[in-house]
Amino acid sequence: MKSWNLYPKLAVTGIKKNRRLYLPYILTCIGMVAMFYIIHSLSYSPMLQTMRGGATIESILGIGKFVIAFFALIFLTYTNSFLLLRRHKEFGLYNVLGMDKRGIGRIIIWESLMIGVIGLGGGVLLGIAMSKFAELILLNFLRLQVDYQFTVSWEALVFTVEMFAVIFLFLLFKSLWQVRKSRPLELMKNEHMGEKPPKANWFLAVLGAGILGAAYYMAVSIQNPITALGTFFIAVLMVIAATYMLFSAGSVAMCKVLQKNKGYYYQKHHFISVSSMAFRMKRNGAGLASICILSTMVLVMLSSTSTLYIGVEDTARSRCPFDNEISVSQLANEDSELIPQLRQDYEAVFDAYSLAPQCVTEYTYGEITALREKDQFEPDPKSVNFASPTVFNSVYQLYFLSQNEYNRVANANVSLGPGEAAVGTLRCKYDQDTLSIRELHLAVTQQVDFLSEIGEAAASIFPSVLVVVPDYEALTPLDTLADFNGDRMMNYTWYYGYNLDAPDELKVQVLNEQVDAMNHRLSSTGQAFSYDNENRTEIRSSFYELYGGLFFLGILLSIVFLFAAVLIIYYKQLSEGYEDQSRFEIMQKVGMTKRDIRKSINSQVLTVFFAPLITAGLHLCFAFPLVWQLLQALNMFNKTLTILTTVGVFLVFGVFYAAVYKITARAYYNIVSGAKK
């Protein structure tokens, strides 16, 4: 055989003989490339270039493609190292028979070239074939009109090939370096080289438990969405580190405890499984921790993004309680005669279209931004605008209503005396007995519901406090406050909201004409005012664009992470099956039946492989308060829907996880029982 033909044939033979290992790896490469191309091509979609909110979706997809690229580098490095470990004996045999490391390197080069071509070619073809389908799903999530014209994004194609060519080259150089620094005898023995009996590292286990407890405490104790935004990634890193510590050290400790339990350990279907686990727990723990982290990522992403998408209608109603809303700000007490004139202008538009507005709600409220420290609020604009995390986390929005206005809008019966106040909160708690703002001191006598009609508070990421006072004269000490530009710090707003029994297009047209009339009225006063107008239909569409994009990206990333978790479980079962095969052969010779083998396998797999699922569920439970705070910052206030969605996602994932367990457990059984050679 000619030398130029020898190495490609050895490479093909090696892949065929180890197809049980290489086929899932190649399919994963194809899937990673396809996912990357799909996300990258969608960011170049002509539909996104022309639609409203397209820049937001493009930014979301841009983040997603780099997440997939980074994860692909890490995960393919992990799986490639596993494949190389399984081939060490074969390469060592080649070396002993006279093939030098350069020849082994050529085999690896040919194998990498073949896998790279198949992975890149198959992934790009699959990505091109599925990209239009993915675009249709995305546009359906966004509630946009679908365009069935098929296109190929050459920019995405070139960038995908370049990105994964670099990744495959990195894997090749890493494999060549591992072979270069190894010795022939090490290659022969490396596959079956067991670990020394591990010692329970109680310090690492206690440290991991402490870090995990601190992360859990951070998650459940945070009551401020602003703090949650800054704490989320810190808590995630702490949970990841603690999970690896606990699975590496805690799993060893668990085996030690099981071995000391003679009633459990000295049973034929427990003895082999526990003793086998004890000798490879360092590597076992890292794999189980990876499965747990990937499962947690999938659960958190799917539960949060699906909650946002399913709850778009609730979110739109909390952001815009009425079909149309108009608010005029920067009013003062002397502007009270302007309100009847504006109301008359709005009603004139209704009369022009012969429409009767429903659920008309109007009221005047005061607003001020301040820094909170217990019951003290300091409306210092210099401090409020200062970009310090400590200061930023103390920013609160205060809204003031008279008791008459509140009782009329909320259909309540609040009765307050001089110097008293009722308090309602959004995204925070207020349990102080008093409330002070400079010279204004109020005694908090009762808690009330926050007005859902204040959509401005729902849109803000800052926590909000509604302060109901006996009358607006009680706020006189705040009317004299001025910022460093001499402008009033106390801002009064007149809000006007209503529903219309009319088509959406007509609702928008009526609102636009009312805004024009308002602008004409305000400009005639010669004073500076600000205003805001919102239509619920447009708000709903913007939420579908944002949350639909997040939900779509969450699904794609979850698929990628699921690929990784399944492949780790599969390779873990195969590698441990080959390691345990000789042990079970010996036990069969001394009388162990195939039924006993199956019981032993079930004991091991149930003990090991459901630990990540249970731990991921525990992570999800403790992460829920933190995720809930983040969802509130995105205008999601339906906690019941959030809980039900989270539970549903976990149950569906649990069924999927159990199916993977059954399939991989069967592969493990076939290896150790000798059913398949």
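Each reported figure results from applying straightforward, stated rules to the coordinates on display, with no laboratory input. Nothing here was measured: the structure is a model prediction, and the numbers come from that model. Positions of Cβ are generated from backbone atoms using ideal geometry, with glycine treated the same way; all protein chains shown enter the neighbour counts.
Each peptide in 639-647, 451-459 receives the mean, over its residues, of other Cβ atoms within 10 Å, and ordering these scores from highest gives 451-459, 639-647. Between region 473-502 and region 200-223, the C-alpha centres lie 46 angstrom from each other. Set the Cα radius of gyration of region 283-323 against 2.2 N^0.38 Å, with N its number of residues, and you get 1.92.
Note on region 488-529: the alpha carbon radius of gyration divided by the globular reference 2.2 N^0.38 Å gives 1.50. In this simple spin-label model, placing a label point 7 Å from the Cα along the Cα-to-Cβ direction at both Asn411 and Ile559 gives a separation of 4.7 nm.
Applying the Kirkwood pairwise sum to the alpha-carbon positions of region 324-534 produces a hydrodynamic radius of 18.4 angstrom.
With 32 Å as the limit on Cα-Cα distance, the pairs of Lys429/Lys507; Lys374/Lys639; Lys374/Lys507; Lys9/Lys65; Lys17/Lys174; Lys9/Lys662 that go past it are Lys429/Lys507; Lys374/Lys507; Lys9/Lys65; Lys9/Lys662.
Given 37 °C and 0.692 mPa s, compute D for region 608-677 with the Stokes-Einstein relation, Rh being the Kirkwood radius over Cα pairs; round to the nearest whole µm²/s. The calculation lands on 226 µm²/s.
On the basis of the beta-carbon distance and an R0 of 35 Å, Leu641 and Ile663 show a calculated FRET efficiency of 0.55.
Treating r as the C-beta distance of Thr361 and Asn670 and R0 as 56 Å, the FRET efficiency rounds to 0.25.
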